[in-house]
There are 2 protein chains.
Amino acid sequence: MMNEELKDKSIGIVETKFFTFAEPPKELLLDGGQKMGPITLAYETYGQLNRDKTNAILVCHALSGDAHAAGFHAGEKDPGWWDTMIGPGKAFDTTKYFVICSNVIGGCKGSTGPSSVNPKTEKAYGLDFPIITIGDMVDAQKYLVDHLGIDKLLCVVGGSMGGMQVLQWVASYPERVKCAIPIATALKHSPQQIAFDEVGRQAVMADPDWNHGNYYGQSQPEKGLAVARMIGHITYMSDQSMEEKFSRRLKEKNYSFKFTTDFEVEGYLRYRGDNFVKRFDANSYLYITKAMDYLDLSGDKLNPSGKKIETRFLVIAFRSDWLYPLYQSQDIVRQLKTGHADATYCEIKSTYGHDAFLLESDEETRLIKHFLDKTFLGYDVKRT
Amino acid sequence: MMNEELKDKSIGIVETKFFTFAEPPKELLLDGGQKMGPITLAYETYGQLNRDKTNAILVCHALSGDAHAAGFHAGEKDPGWWDTMIGPGKAFDTTKYFVICSNVIGGCKGSTGPSSVNPKTEKAYGLDFPIITIGDMVDAQKYLVDHLGIDKLLCVVGGSMGGMQVLQWVASYPERVKCAIPIATALKHSPQQIAFDEVGRQAVMADPDWNHGNYYGQSQPEKGLAVARMIGHITYMSDQSMEEKFSRRLKEKNYSFKFTTDFEVEGYLRYRGDNFVKRFDANSYLYITKAMDYLDLSGDKLNPSGKKIETRFLVIAFRSDWLYPLYQSQDIVRQLKTGHADATYCEIKSTYGHDAFLLESDEETRLIKHFLDKTFLGYDVKRT
């Protein structure tokens, strides 16, 4: 049952749709050099596309997200992952805008990924799925946007890996993005970010149940994936938010003097790890983290044409985010300014760490609502 | 063969010794309530104990350290883990001082730990080894110090978990420590530190070769322990030191588009992980991290008598250390000042992260040499 209070401000019941592209183009040319097709994208839309098709916003999800960004699936009690931001009167106001969110390729929430059936073998791809990049994810999204008949997106927005897709959209299709909002993200992963991803991948691959990616229809590599997710969770929070949430509180009155769960923080991590494996595919975890590590839009690569960047930018970062530190968002702004872009940098004083992009909705709404409305109103007004 | 350049400034060839205590005391009463014995401690000493036995310095090692702190073992080419700090003319000058270092109980480098033979079963303890605390480690060290005939240590020093032992020495045996140097450490682990330790433990325990701790004489849980160590390594470095050491440099010219090692940082982590499992026992990793998580000397617990703390303190922290952040060292100083201790706080501007305590020898030497000499000279001078 849907939560009644949330329902009032929600877009309501929504459904995931599917778009498969086979021809044209028959196949997607991947950055790795392989051709791939047919490809299916799971996506959802909220609000109505206007007659001029000028009010479309593409929301890009993070590592473990999906197409279900807002509203409720029938019979479910939790809304989509960014429901606080998308709906009537919200930052992405569905009474004005047409919001699209699609699951990335390589994912496991309806879009083609390593757990999908390979038409050539009629078995799950597993490691036969090609390595994909953020560029490939965006190319696939572009076909969806074409399919919806949208020439130019009013806005592309997303946090973390979602923000990487935002940057990639502007690098790949600058003429198709009116404004862009990359949140808590980076032009490229630092070695520390690569290192955390690599340890997560090693944890999955160390699990014998992973079986070189060949585990479909058998035991999932649950323990390995749970460890990977636990590492992730530590990096998503801040030292301070962990202190506020758990401190050194114990599950029982005293230390157990056993290797069981003594501290609440341990119980939380185990719970989060165990929960994740029920809803996420281990191979998708490998492919998506690899795509993030491969991204490099530093230097000229954000603006390969060298022309003035016409897309307006709002770059948002969070003070306590140590996984995607402030300097990475500042680097984005520096790169945009080199391309003479209209770019605003906003630092939000949050203690939530990287998770802030999902939690600081009030602050984000204040910043985004105005930026978006101004862009929309000025849609046909040539800047002088 | 020993490195000739290092040899010149080294204490030279050293040997690990062993001290077993059975009676008295027949057994060690552990914080967990169990009695345990006999217990063996592996230890090394450098320099000569003076006639008055007033020049003894106890060096405490970190998580993966051992008794071999300085000099060379015959036939080996690498010196002990703190050879830059211990030797003739060095911070801990072996021409003046008598330096002791012992492997902690629970360890796997010669002291009694989970890989030792349980005299009751004549098999390795495994998980029958009792959970031990930093307090238990220090109690065992105290018997060694007694055995060496030393009434009062001139100094107890150590970084990271070594620093925890330093603090515990003052909490447990304040009258036996003239001065103390806790480096890059904390009175208690924060939930973030517990979380990193817990994920490491989960990685070990997720490995089927761990077999509930019963793997001696069989396959070691190498993959799980390697993952744990990789996580550790990320936390020991700083974002900046990783950038300086690896940046985004690739092993080959281009991306592999496979799940092999693309980035140098990945290769480094895998190498460090694989190397660690050759020299460390997985169960010891569990026991020692648990001991660190259990330590809590906050509030009155550092100074349970409530009397003036007579031990002189030099507290050292490193700016880029995000695993044991500055505020934790500042908390130590605050707690010491509450006990009216003579405590100096020194912050070293290093980019090495937590590893700085092993790497910033020049800075540490400058601070420690003077502090130590002053303490030694003033040994019998009552402060007014």
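I'd like the carbon and sulfur percentage of the solvent accessible area for chain B, probe radius 1.4 Å, heavy atoms only, ligands and nucleic acids excluded.
Of the solvent-accessible surface of chain B, carbon and sulfur hold 49 percent.
If every alpha-carbon in chain B counts as one equal scatterer, what log10 I(q)/I(0) does Debye give at q = 0.07, 0.10, 0.14 1/Å?
Log10 I(q)/I(0), no solvent term: -0.31, -0.64, -1.30.
In nm, what does the list of distances from residue B:370 to its counterparts in the other copies look like, shortest first, when each label sits 7 Å along Cα to Cβ?
Label-point separations across copies, in nm and ascending: 5.2.
Can you list, shortest first in nanometers, how far residue A:243 lies from the same residue in the other copies, with each label 7 Å from Cα toward Cβ?
Shortest to longest, the spacings are 2.5 nm.
For residue B:230, what charge total do you get from the other residues with a beta carbon under 12 Å from its beta carbon, if Lys and Arg give +1 and Asp and Glu give -1? Can you show the working numbers first?
Working: positive: A:201, B:223, B:229, B:270, B:272; negative: A:197, A:198, B:266, B:274.
Value of the local net charge: +1.
Can you compute 3J(HN,Hα) from phi for each residue in the stretch B:357-368, using the Karplus curve 6.51 cos²θ - 1.76 cosθ + 1.60 with θ = phi - 60°, rounded to whole Hz and x for Gly and Pro?
Working through the residues one at a time gives 5, 8, 10, 8, 5, 4, 4, 4, 4, 3, 6, 7 Hz.
What's the longest uninterrupted piece of chain A once you rule out the GluC sites (Glu not before Pro) that are loop residues per DSSP with at most 14 other Cβ within 10 Å? Could the numbers behind the result be given before it?
Values: sites that count: A:15, A:76, A:122, A:252.
The answer is A:253-384.
Among residues other than residue B:353 whose Cβ falls under 12 Å from its Cβ, what is the net charge (Lys/Arg +1, Asp/Glu -1)?
-4
At a threshold of 8 angstrom on Cα-Cα distance, excluding pairs fewer than six apart, so keeping six or more, what relative contact order does chain B reach in percent?
It comes to 17 percent, rounded to a whole number.
Just to confirm the filter: which trypsin sites (Lys or Arg not before Pro) across the stretch A:303-384 are DSSP coil and have at most 15 other Cβ within 10 angstrom of their Cβ?
A:307, A:308, A:349, A:382, A:383
Can you give the Rg to Rh ratio of the stretch A:194-289, both from alpha-carbon atoms, with Rh computed by the Kirkwood formula?
For the stretch A:194-289, the value is 1.03.
Could you tell me, in Å, what Rg and Dmax come out for the Cα atoms of the stretch B:227-384?
20.6, 71
Given R₀ = 22 Å, what would the calculated FRET efficiency be for residue A:326 paired with residue A:374, taking r from the Cβ atoms and rounding to 0.05?
For R0 = 22 Å, the calculated efficiency reads 0.35.
In Å², rounded to the nearest 100, what is the total accessible surface buried by chains B and A against each other with a 1.4 Å probe?
That pair of chains buries around 4700 Å² in total.
If you find the alpha carbon centre of the stretch B:185-246 and of the stretch B:98-133, how far apart are they in angstrom?
A separation of 20 Å, based on Cα centres.
Based only on Cα atoms, what mean projected area does the convex hull of the stretch B:245-316 have, in nm²?
On the way: hull surface 37.0 nm².
Mean orientational projected area (the stretch B:245-316, Cα hull): 9.3 nm².
Kindly identify residues of the stretch A:174-217 having a loss of at least 30 Å² in accessible area between the isolated chain and the assembly of all protein chains, probe radius 1.4 Å.
When all protein chains are present, A:191, A:192, A:194, A:195, A:196, A:198, A:199, A:202, A:205, A:206, A:208 each give up 30 Å² or more of accessible surface.
Send over a whole-number figure in Å² for the accessible area per residue of the protein assembly as shown, probe 1.4 Å.
The answer is 41 Å² per residue.
Mark the label point 7 Å from the Cα of residue B:16 along Cα→Cβ and return the residues of the stretch B:127-168 whose backbone N is within less than 14 Å of it.
Once the point is set 7 Å along Cα→Cβ of residue B:16, nothing inside the stretch B:127-168 turns out to lie under 14 Å by backbone N.
Restricting to DSSP H runs of at least four residues, report the calculated mean residue ellipticity at 222 nm for chain A, -39500 (n - 2.57) per run over all residues, nearest 500 deg cm²/dmol. All intermediate terms of the calculation are to be shown ahead of the outcome.
Working: 11 runs with 132 residues, N = 384.
Result for chain A, helices only: -10500 deg cm²/dmol.
Over the whole of A:253-262, what's the average partner chain Cβ count within 10 Å per residue? Rounded to a whole number, please.
5
Return the single residue from B:344, B:260, B:95 with maximal mean-square fluctuation; model: Gaussian network over chain B, springs between Cα atoms under 10 Å.
B:260
How many partner chain Cβ atoms sit within 10 Å of a residue's Cβ in peptide A:135-143, on average, as a whole number?
For peptide A:135-143, the averaged partner shielding equals 0.
Mind checking the stretch A:21-125 for trypsin sites (Lys or Arg not before Pro) that DSSP puts in a loop (not H, G, I, E or B) and that have at most 16 other Cβ atoms within 10 Å?
Answer by residue number: A:26, A:51, A:53, A:77, A:120.
In nm, what does the list of distances from residue B:349 to its counterparts in the other copies look like, shortest first, when each label sits 7 Å along Cα to Cβ?
Once sorted, the set of distances for residue B:349 reads 2.7 nm.
Give the residue from B:102, B:154, B:328 lying farthest towards the positive end of the charge dipole for chain B; charges sit on Cβ (+1 for Lys and Arg, -1 for Asp and Glu) and the dipole is referred to the Cα centre.
B:154
Using the Kirkwood formula over every pair of different C-alpha atoms, what hydrodynamic radius in Å results for the protein assembly as shown?
Taking every pair of different Cα atoms in the protein assembly as shown, averaging 1/r and inverting gives 28.3 Å.
For the stretch A:42-113, state what percent of all Cα-Cα pairs lands in each successive 5 Å bin, counting from 0 Å until the bin that includes the largest distance.
Bin by bin from 0 Å, the calculated values are 4, 18, 26, 24, 17, 9, 3, 0.
Rank these residues by their accessible area, most exposed first, probe 1.4 Å: B:138, A:117. Walk me through the numbers on the way to the answer.
Numbers: B:138 0, A:117 95 Å².
The ordering from most to least exposed comes out as A:117, B:138.
The values are calculated or read from the model by the stated rules, or taken from the named source; none is laboratory data. Note that the coordinates shown come from a computational prediction; the quantities given were computed from them, not determined experimentally. Reconstructed Cβ throughout: ideal geometry from the backbone, glycine too, with neighbour counts over all protein chains shown. Just so you know, the surface numbers come from the protein's heavy atoms only, side chains and all, with ligands and any DNA or RNA stripped out. Shrake-Rupley method; radii C 1.70, N 1.55, O 1.52, S 1.80 Å.
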